Every structure is written in structure tokens, then in C-alpha cells.
1. Filter segment 481-514 for residues that are farther than 16 Å from residue 535 by Cβ, modelled with pLDDT of 90 or more and exposed (fewer than 13 other Cβ atoms within 10 Å of the Cβ) and give the result.
2. For segment 313-320, check the following and say yes or no: at least one residue is touching a residue at least 40 places away in the same chain (Cβ under 8 Å), hydrophobic (A, V, I, L, M, F, W, C) and open to solvent by 30 Å² or more (accessible area, probe 1.4 Å).
3. Just to confirm my filter: which strands (runs of 3 or more DSSP E) fall fully inside segment 479-544 and include at least 2 residues that are closer than 21 Å to residue 611 by Cβ and out of contact with any Gly (no Cβ under 8 Å at 6 or more places or on another chain)?
4. Please verify whether segment 266-289 includes one or more residues that are more than 30 Å from residue 232 (Cα to Cα), out of contact with any strand residue (DSSP E or B) (no Cβ under 6 Å at 6 or more places or on another chain) and not aliphatic (A, V, I, L, M).
5. Do the conditions hold for residue 607, that is, is it at pLDDT 85 or above, under 27 Å from residue 314 (Cβ atoms) and open to solvent by less than 60 Å² (accessible area, probe 1.4 Å)?
6. Name the residue that is least open to solvent (accessible area, probe 1.4 Å), counting only residues in segment 24-57 that are within 25 Å of residue 79 (Cα to Cα), of a type in the set (S, T, N, Q) and not in a helix (DSSP H, G or I).
7. Within segment 188-243, restricting attention to residues that are among the acidic types (Asp, Glu) and without any contact (Cβ under 8 Å) to a residue 12 or more places away in the chain, which residue is nearest to residue 258 (Cα to Cα)?
8. Confirm whether residue 195 is over 26 Å from residue 155 (Cα atoms) and hydrophobic (A, V, I, L, M, F, W, C).
Amino acid sequence: MSASGGDARNAAELEALRRSAARYRSLLELTSEAIAHLELDVPVPISDPPARQVAAILASRIVECNDAYARLHGFDRAALITGRRRSELDQPVPPAAVLAFIASGYRVTDEELALGESDGSSRWMRMNVVGVVESGHLSAIWLMMRDVTRRRVAERGLRESEERFQRLALASFEAIAITDAGVIIDANPQFCSMVRTPLAGLIGRSALDFVAPEHREMVLERIRGGSEVPYTHLALRADGSRFPVEVRARSIPYGGRNARVTALRDVTEELAAQEALRASEKKFRDIVNLSPVAIWQSTLDGIVFMANDALARMLGYGQASEVIGLSAPRDLFHDPSERERLLARYGAAGRADDLEVRFKRRDGRPFWVRLSAHLVRDADHQPLHFESFAVDVSRLVELQESLRRQEVMSAMGVLVAGVAHEVRTPLFSITASLDALEAEAGADAAYAPYASLLRSQVARLTRLMHDLLDYGTPPALRLAPVRPADVVRLAVRACALVSQERQVEVIEDVGEGLPDLELDGARIEQALVNLLANAIQHSAHGGTVRVRAELWAGEGGPAVRFAVRDAGSGLAGVDRDRIFEPFYSRRQGGTGLGLSIVRRIVEAHGGRVHADSRAEGGAVFSFTLPTARPAQEPRS
């Protein structure tokens, strides 16, 4: 071979060597792996004791490395670390790891090693290490490293998280199942016990196998939508029995995948208790609503927040809901200050029983109730609200008052009848004497004023005597069928002269279809005449008085109502509780017995009298007579 041929070959080999070195250098610079070449000061026989080999390896010197290796040890460039001994670096290699390297035959592949940091922490490295052994001596080491600390930390965190999850699942009172795409991949013992299936029989099964068929579509929609809103459904046990569960679920990372953890709670007893409570509350509501006693609850300041239908009916409302929100002082008590007086008297005891107080109906009419109330307190004895019970005793109070009046009137009747009889004889004598005096004096003008005065006073005494006799004589009723229209017509005719004198128009207004009434026509006519005369006397000249008869839905049953309306001064300033008492009169010259006689006649027929002011002015006096006679007729 010629010299020129040998030179060419050598040049080609040198060029190949340069290209190989360039590729090697590029690999060192570009790879993210940390690569280093370490050489021992003196090759160590592999037959030497492991301790001598460990010391020599730890004292090896870095002859070559890349920047990635330098950065692992806190340097920016490989040039700053080249030539240093391995033992001089901040990350000492544990001797145990070197012994494992020697024991492996100087070759370690994919081993992970924890290297200590100067701050006491550790850094995990994934390593490939190869020793250069020639003629039975270890002379150099090549190593490749990758920092896997973040992965190791993440894996450890995941492992610890799963361990905590498992401990929590085992300690939970709830049944917990973990599913992936609706397939059970794990469950705690409580879930196994709930569905009566061992864990081995659950893994791999669809969660819908343990859902009642009619609820599977709903549950499937919750799973697909990833819903975390609690809900309930019917679940199935292995034996096919059904039971209600409350479900809460959410997605979590589990075992390296995104799974759905579901917590279930058997709510059989809870639902049964709720149903029992609803039944109890319904029973309570039914009892309260069906009770004839008015029952309500109100806040401490008197606002009604619960009421039954009896209270609504008592007050004149259609249903209980209309009563909610009413104020007891303003809307229930006739006198708003009455509630405050009761609280001041009974508030310390927290209860009051069987008190007779006046309430008012929706239209403002007062009535009597027997009231019991108590203060409800909480477990700490703090006041919560009032519970109240009331019975309408208006009729009883009226009967008691009627009995009292009848007793008084009976005693007074005996007295006034006796007085009337005693007055009648001297009054007759005075009248006769006055007639004789006028006959003797004739038309003497000197005596005429005195005669007129005496004659008017005698007439007044005569009217008083007749009223006293009417009031004092018990009304012996002579009952017969009477048409209400006839009573009105005769009463208007009887008052015709008075209405003409006062220039007051009297209008008859009789409703159609009124039934005949069993009554004493003369007595009822007298009562209506008294009301008409009273209305005419209180009407202005040119005024109008209307007398009406109409069907009436009375509290005691159907009735006929006779009402006399005037446009006078009304009842302002009048004591309405006394207006029907004997000798109470607002009209000068009146005896004060006319309205009292009206009430006595009406009550003798089983009726009731009323007096009220009209919104448009004037007053209305009325009385109602039942269309059917009671079994026992009231008597004076």
C-alpha cells in the first residue's frame, strides 16, 4: 500500500472520529438527561474488599459531564464542575448505594436513589450506571441521571390521599361506592352490608343493578351530568328488597383515574318518622279545623300566624287564611286596650282561663267570648308565642242579660202598674174638674191659657200612664198567622197623623216572598209604631223615613227583619248599651219607655232588637223575628 493511500485512509478515519465526537458532544449538550464520566485516580482491582472499592469510587473525579448534570448539583455549566471529585458535591452518594452497584456487577439500570440536599431534604434520581472494567480493574464510571423527585412526591401524595380516603371510608357511617363510568370499582364494608353483597360480588357490576327500575333513568342522568346535588331514590338489595336512600356524589381522582365517589344513607326510618310526623300534624290540623272552639296562635305583639276555621267563622270571615296576619288588639278585641289590661293582669302567670271579654266581628259588631290563653315558651323558658282558645258566648250573655232584664222588668212592672193604677183615679178627677171649669168659665179669655196648659199636661200624664201600663203589664201573646206586609201597612197608617205634622215622608219597602209569621199582630204593630214614631220625631221637616221588611239569615236561623231608617242625627254620643233601657230618652218630653217596650215585645216573640248609625247619616232601628216559633216561647 502506498504512503498516499495510507494517508487518505487515516484522514477518513480522523474525519469519522471527528463526526462521532461532534455527535457525542451534541448529545451531551442537547439531552435533558444528566450524563457524567468519572475516573478513579488509580484503577481498583475488583477482587479488593468492597470497602476499598467504595472509598475509591466516592473519591473519583469528574472528567466529563454535560450542563444538565452540572445543574443537578447547583452549577450553571459543565465547565464549573469538571475536574471536581464526586465527594466534593453537595449531594453525597450513600455508601449503601455504591455497595449495591458493586454487588450488581458494576451495572445498574433504572434504579431510583434518594440523594440528600444541604437543607436536609432529599432529591430522587432515576439512574443508569455502568462501570468500566479492564483486566480485572475498575477504572471509570459512566452514569446517566434524571430527577424524578416531583413524580415521586406526586405518587406519594396520591398514595397517602388514597390511604386517607380508605381509612375515612372504613370509618364512615355512610355506605360508599366508587364507580368508573357507572361500574363499581371499590366500596366500603358499609355499602356491602347495605346491599347485602360481598365486595367480590360488587366489583365490575353496574351501579344501576342496585337501583330500583323506576329510578334508574334518573340516577343515570345524575351520573352522566356529574351532578353533586343531593337526591333520594329507591335502592335494591341482593334479595330484591327495596329501601329509600339519600345520595351524595362527586368526581374525584382515584387510582390514577377520574372516578365518582357516591355516599348513600338509608333513610327508611327517617322517612317513616317524617310520614308519622306528617300524619300527626294532619291529625292535629284536622282536630283544630274541625273543633267548634276558635283556636289561634299569635306572636308576642298579637299578630295571628295560625288559626282554625272556627275563629274565621266567629269573626265573620270565609276561611282561616283570611285571619292570618290580623292584629289581635286591632282586629279581634272590641276595645284595643283590653288586651294590654289582660297582659298586665295575667302576664306574670303566663296564662288566663275562662275570661269573658268582648271581641268584634269583621263588620265591627261586638260580641262576647269566653277566652283562655297561655304563653308558650322554649326549652330555655324564653317566650315564643301565645296560644288562645275562645267560645262565642254572646247568646248566653244575651240570655243572662235578658233574664236579668226580665227579672228587673217584672219587679219594675209590678211597681209601675201599681203607680199607674194609683195615678189613674186622680188623673180622671183632674180631667173631670178641668171639664167642669171650662164649662163654667166658658170662653173667658182670662182662663184660656191656663186651661190649655192644664189640658196638655193632663194629656202628657195620660200618655205616661198608658206607657207605664203597657210596660208593667206582661205581654200576653195572642198568636196567629200574620203577613209582614200587613204589619208594616198598619203601622205606617197609625203614624200618618204624626208624619203629616212633621212633614216627613214614610216609605213602605216590603220584600217579596215573605212568609206568614206566628205572632201577636197588635203587639208587633205597636213595636213598629214606636220605632216609626221615634224615627219621625228625630227627622228634619221634609225628611224621609223608610220602613222595610225582608228575609234575613239570622244567627239562630231564618228570620224576617223589620228595619226603620231615618236621616236624622244618628246615634253619635248615644250609649247604645242603654238605649233600650226603660226611662232612657234623648227626646225632650219623651217617657223613655217606647224603645224598652219594643224590646220587651220583640223578645217575647223570640226575636232580637238592634240599633246602629247609618254610614250616610241617620239611624236604623230594627228587630228580627224567627220564621219558626221556638219550642218554648219566652215570657216576661
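The values are calculated or read from the model by the stated rules, or taken from the named source; none is laboratory data. Predicted model, so just to flag it, every value in this text is computed and none were measured. Neighbour counts run over all protein chains shown; Cβ positions are idealised from the backbone, glycine included. We work out accessible area using only protein heavy atoms, side chains counted, and drop any ligands, DNA or RNA first. Shrake-Rupley method; radii C 1.70, N 1.55, O 1.52, S 1.80 Å.
1. 481
2. no
3. Those strands (runs of 3 or more DSSP E) span 505-510.
4. yes
5. Considered against the rule, which asks whether it is at pLDDT 85 or above, under 27 Å from residue 314 (Cβ atoms) and open to solvent by less than 60 Å² (accessible area, probe 1.4 Å), residue 607 comes out as yes.
6. The extreme case among them is 31.
7. This residue is 221.
8. Taking the combined requirement at face value, the residue satisfies it.
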